[in-house]
Amino acid sequence: MGKPDLTVNFAGIKMRNPLMVASGTFGYGEEYEELVDVKKLGAIVLKSVTLKPRQGNPPPRIVETPAGLLNAIGLHNIGVSALIREKLPGLRNLGTPIIVSIGGETVEEFVELIEFLTDAEGISGIELNLSCPNIGKRILAQDPAAAGKLLESIRKKCRLPLIVKLSPQVTDITEIAGTCEEKGADAISLINSFPGMAIDIETRKPVLGNTTGGLTGPAIKPLALKMVWDVCRVVKIPVVGMGGVMRASDAIEFMLAGAKAIAVGTALFSNPDIIEEIVQGIEDYLVQNGFASVSQIVGNLDGS
Ligand SMILES: Cc1cc2nc3c(=O)[nH]c(=O)nc-3n(C[C@H](O)[C@H](O)[C@H](O)COP(=O)(O)O)c2cc1C
């Protein structure tokens, strides 16, 4: 048998393999230029961008926990105009699909962001961040009616594949996923971080400048996997699964649960070689188990 086929058509985005980098963990690409061969990646999801630049939260913004990271970046970003002007020209020559993640607090803000981006050159898709836990009160991902209205407003204006990123801060993640599919999402991305906190017992102060933050990494993997499995059983649109993918076997678990693509985030901070290792590991698994293509393992879970 020859080499297995790793290519994935994810909601119209042609990827050389199913591996993406998760929003917020790869900056605008250039931070990793020296460390990572971006041509090994299936797609790059940029850190969430807002209409206007944002300074984000006060430091410290990241703290290590026994099985992951707590972060409270607070959507620090350069704003959509600077992204288009300063970052996209370099990114579009990388030869790897670029997905722009957008964040907003009102429907109008999201609509304006889409208007800026839908005709910008070099973008393969939009990820709608409904789940940033660090700004506002109730997040859109917790309100299916509001999320549905938002999708109705932007779907008409967006000619790019629209991936909706969900938050785990809900009682039933399938409800919001179903609404997003019904209102025109092309794909679902899950999950974002879980809310968390750390306290310094000597100073008796919260460790993070923002008091609370979002937990990511190995600690959340079983929770993420269950949510991906739940969502994949109710929607027909493709899913990108993430949350604690540290090695190839984690990525394969997400694919067996039904994810058509996988994103890596926290693992990049400790091991930038992780991308090549995971892609190689997936290829080895396909060969060892007699699969001709990666699509054959998607949702191929025995006994569920
Ligand atoms: C430092 C940091 C910044 C993040 N920023 C964003 C962001 O801007 N937008 C977003 O949708 N998710 C953001 N995330 C969440 C990740 O995209 C991902 O959903 C989460 O980290 C789970 O994957 P992981 O366990 O592999 O890191 C961020 C995560 C980290 C660790």
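Convex hull volume per residue, computed on the Cα atoms of segment 1-50, equals 90 Å³.
Residue-wise HN-Hα couplings along segment 233-238, as the Karplus relation 6.51 cos²θ - 1.76 cosθ + 1.60 with θ = phi - 60° gives them from phi, are 7, 10, 10, 9, 6, x Hz; Gly and Pro carry x. Quick one: of LYS47/LYS260; LYS149/LYS260; LYS205/LYS226, which pairs are farther than 24 Å apart, Cα to Cα? The pairs that break the limit, which is 24 Å between Cα atoms, are LYS149/LYS260; LYS205/LYS226. Annotation: for a label point projected 7 angstrom from Cα along Cα→Cβ of THR171, residues of segment 185-225 with backbone N closer than 19 Å are 195.
Rounded to the nearest 20 debye, the dipole size of segment 227-301 about its Cα centre is 400 debye, using +1 on the Cβ of Lys and Arg and -1 on the Cβ of Asp and Glu. Helices of the chain meeting both criteria, an alpha-carbon length of 18 angstrom or more along the long axis and an average Kyte-Doolittle score not below -1.0, with helices taken as full DSSP H segments, are 274-288.
Within segment 77-135, report the GluC sites (Glu not before Pro) that DSSP leaves as loop and that have at most 14 other Cβ atoms within 10 Å. List each step's numbers first, then the result.
On the way: sites: GLU86, GLU105, GLU108, GLU109, GLU112, GLU115, GLU121, GLU127; in loops: GLU105, GLU121.
Answer by residue number: GLU121.
Each of LEU94, LEU70, SER81 was scored by the projection of its Cα onto the charge dipole of segment 16-119, and the greatest displacement toward the positive side belongs to LEU94; charges sit on the C-beta of Lys, Arg, Asp and Glu. Size descriptors for the chain, from the alpha-carbon set: Rg then Dmax equal 18.2, 61 Å. Report the Cα centroid-to-centroid distance between segment 77-126 and segment 201-245 in angstrom, as an integer. With segment 77-126 and segment 201-245 each reduced to a Cα centre, they are spaced 25 Å.
Can you tell me how segment 116-218 classifies by the Cα gyration tensor, rounded, prolate or oblate, using a/c under 1.5 as the rounded cut? Mind dumping the intermediate values first?
On the way: a/c = 2.70, a/b = 1.93, b/c = 1.40.
Judged from the Cα gyration tensor, segment 116-218 comes out prolate (a/c at least 1.5, a/b above b/c).
Between PHE194 and LEU215, the built amide H atoms are under 5 Å apart, and every one of these is 5 or more places off in sequence or on another chain.
Using the Cα centre as the reference, give the magnitude of the dipole from point charges on the C-beta atoms of the chain (Lys, Arg: +1; Asp, Glu: -1; all else neutral), rounded to the nearest 20 debye.
Values: 29 positive and 34 negative charges, 102 e Å.
The dipole magnitude comes to about 500 debye.
Note that segment 75-83 has calculated 3J(HN,Hα) couplings of 6, 4, 7, 8, x, 5, 5, 5, 4 Hz, one per residue in order, obtained from phi through the Karplus relation 6.51 cos²θ - 1.76 cosθ + 1.60 (θ = phi - 60°); glycine and proline are x. For ILE201 and GLU115, a Förster radius of 51 Å and the Cβ-Cβ distance give a FRET efficiency of 0.55, rounded to the nearest 0.05. When only the Cβ of Lys, Arg, Asp and Glu is charged (+1, +1, -1, -1), the dipole of segment 155-304 relative to its Cα centre reaches about 740 debye.
In segment 12-67, a dipole from Cβ-located charges (positive for Lys and Arg, negative for Asp and Glu) runs towards its positive end, and of TYR28, VAL45, GLY12 it is GLY12 whose Cα lies farthest in that direction. Taking 0.36 nm per residue of separation and subtracting the Cα-Cα distance, full extension of the segment from GLN55 to SER153 would add 32.5 nm.
Here, each number is a calculation from the coordinates, and none is a lab measurement. Everything quoted here is computed from the prediction, not taken from an experiment. Here the Cβ is made from the backbone with ideal geometry for all residues, glycine too, and neighbour counts use every protein chain on show.
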